[in-house]
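Engineer: To start, I am sharing the structure in question, which I have written as structure tokens.
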Amino acid sequence: MHLIVGLGNPGPKYAGHRHNVGFMAVEAIADAHGFPPFRSRFQGRVSEGRMAGERTVLLEPQTYMNESGRSVAEAARFFKLAPQQVIVIHDELDLEPGKVRVKRGGGTAGHNGLRSIDAHLGNDFWRVRIGIGHPGRPEAVTGWVLRDFSRADAEWLEPLLDAIADAAPYLVREDPANFMNRVAVLTRPNPPKVAAGPNGS
């Protein structure tokens, strides 16, 4: 069993923000794999289904970004999950827009959502880092992440979210190499026709 967490801030005024790309990715996964509607639980929004033949829980903490760890830890305790069974999808300033990287453990790079999860769960969880780029000046970071994606961003964002959703079963298999390869293939300009992903849902 795995818990896939998307990070963001609750409420319609934040919905399109760069900081909410984790929510966007989790919702794309739910849609692509036929998960039921989200419901309130664990101080968040939860949907439970199956991917790659495995029970999978999707979670969007509703605690605001800085307190994400309270929701994540509550869900992990309820399902008796170790940190390595938790996968957190979040925005990453230090990656170019549209780039995706996966790693387990490591630091928080100043991300308040990750810092909160570290404090409540430890740091040995998986991170799916979605690049949103950096505004270039440290003082501009808050305004950058708490601003909607631009219209131009839609050219890479929508295909990327679709690709992450398609490749998500590799995450629950803890196979980051194939996850990233699948995302890369699907987001190439004019991608070649390839065999279907591991939908397993």
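Coordinate-derived values only; no laboratory data. Since the structure is predicted, the reported quantities are computational estimates derived from the model, not experimental observations. Neighbour counts are summed over all protein chains in view; Cβ atoms, including those assigned to glycine, are modelled from backbone coordinates with ideal geometry.
Engineer: Once you put a point 7 Å from the Cα of residue 96 and another 7 Å from the Cα of residue 139, both along the Cβ direction, what distance in nm separates them?
Structural biologist: 2.9
Engineer: Just to check I understand the Karplus step: with θ = phi - 60° and J = 6.51 cos²θ - 1.76 cosθ + 1.60, what whole-Hz values come out for the stretch 23-31, glycine and proline as x?
Structural biologist: Couplings: 4, 4, 5, 5, 5, 5, 4, 4, 5 Hz.
Engineer: A follow-up question, please. With a ≥ b ≥ c taken as the square roots of the eigenvalues of the C-alpha gyration tensor of the stretch 43-99, please select rounded if a/c is under 1.5 and otherwise prolate if a/b is larger than b/c or oblate if it is not?
Structural biologist: The shape class here is oblate.
Engineer: Order by neighbour count: 108, 56, fewest other Cβ atoms within 10 Å first, most last.
Structural biologist: In increasing order of surrounding Cβ atoms, one gets 108, 56.
Engineer: Can you give the local net charge around residue 106? Use residues other than it whose beta-carbon is closer than 13 angstrom to its beta-carbon, Lys and Arg +1, Asp and Glu -1.
Structural biologist: After counting each charged neighbour, the total is +2.
Engineer: Here's a follow-up. Give the long-range amide H neighbours of residue 41: residues separated by 5 or more places, or on another chain, with amide H under 5 Å away, using H modelled in the peptide plane at 1.01 Å from N.
Structural biologist: Distant-sequence amide H within range of residue 41: 46.
Engineer: Looking at the square roots a ≥ b ≥ c of the eigenvalues of the Cα gyration tensor of the stretch 104-151, which shape do they give, rounded for a/c under 1.5, prolate if a/b is larger than b/c, or oblate?
Structural biologist: The shape class here is prolate.
Engineer: At 7 Å along Cα-to-Cβ for each site, give me the label-to-label distance between residue 150 and residue 108 in nm.
Structural biologist: Each label point lies 7 Å from its Cα, and together they span 3.0 nm.
Engineer: So how far, in whole Å, is the C-alpha centre of the stretch 136-180 from the one of the stretch 9-24?
Structural biologist: Each part's Cα centre sits 12 Å from the other's.
Engineer: Would you compute, from DSSP H runs of 4+ residues alone, the mean residue ellipticity of the chain at 222 nm, taking -39500 (n - 2.57) per run and dividing by the full residue count, rounded to the nearest 500?
Structural biologist: -10500 deg cm²/dmol
Engineer: Given a 10 angstrom Cα cut-off, can you work out which residue in 74, 54, 155 is the most mobile in a GNM of the chain?
Structural biologist: Most flexible of the set in this elastic network: 155.
Engineer: Ranked by Cβ crowding within 10 angstrom, fewest neighbours first, how are 174, 27 ordered?
Structural biologist: 174, 27
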